[in-house]
Amino acid sequence: MTRTVITTEHAPALPAPLSQGIRKGPVLQVSGQLPLDPDTGDVVGTTVAEQTTQTLRNVTAGLKAGGAGPADVVMLRVHLTDPAHLAAAPP
């Protein structure tokens, strides 16, 4: 199976030598998204809700670049630094 690196300018370039996504056959993995503005590289927002919203925009851009969308997602992992932030995340 062919392995294809997925890139998009609608999501930030990662600050590490990692790809925005990888497609291998019918499987697309988008990873390592942060609440960064793709144009400036700056963190967007000051609240968990604002930063989560930006992160999901970035994930959606990666999915779109790989020919998929949110409805195609099978699993999504979110890592919070404080469990109290879960209540503040957008639904």
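The values are calculated or read from the model by the stated rules, or taken from the named source; none is laboratory data. From a predicted model like this one, the values you see are computed outputs, not experimental measurements. All Cβ positions, glycine included, derive from the backbone under ideal geometry; neighbour counts span all protein chains shown.
A few comments on the model shown:
- In region 66-76, the qualifying residues are those that are under 18 Å from ALA11 (Cα atoms), without any contact (Cβ under 8 Å) to a residue 40 or more places away in the chain and in a loop (DSSP other than H, G, I, E, B), and the one that is nearest to the chain's Cα centre (by Cα) is LEU76.
- Close Cβ contacts (under 6 Å, 6 or more residues apart or on different chains) running from residues in region 20-49 that are closer than 18 Å to ARG77 by Cβ and in contact (Cβ under 8 Å) with a residue 12 or more places away in the chain to residues that are β-branched (Val, Ile, Thr) and in a loop (DSSP other than H, G, I, E, B) comprise GLN20/THR7; PRO35/VAL44.
- Matching entry among PRO35, PRO26 (being in contact with a helix residue (DSSP H, G or I) (Cβ under 6 Å, 6 or more places away or on another chain) and more than 12 Å from THR7 (Cα to Cα)): PRO35
For (1) at pLDDT 90 or above; (2) within 14 Å of the chain's Cα centre (by Cα); (3) part of a loop (DSSP other than H, G, I, E, B), each residue gets a yes or a no:
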residue	(1), (2), (3)
ALA13	no, yes, yes
ARG23	yes, no, no
GLY45	yes, no, yes
GLN51	yes, yes, no
ASN58	yes, yes, no
LYS64	yes, yes, no
ALA84	no, no, no
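- Qualifying position, being β-branched (Val, Ile, Thr) and more than 23 Å from HIS85 (Cα to Cα), among THR60, THR46, THR8, THR52: THR8
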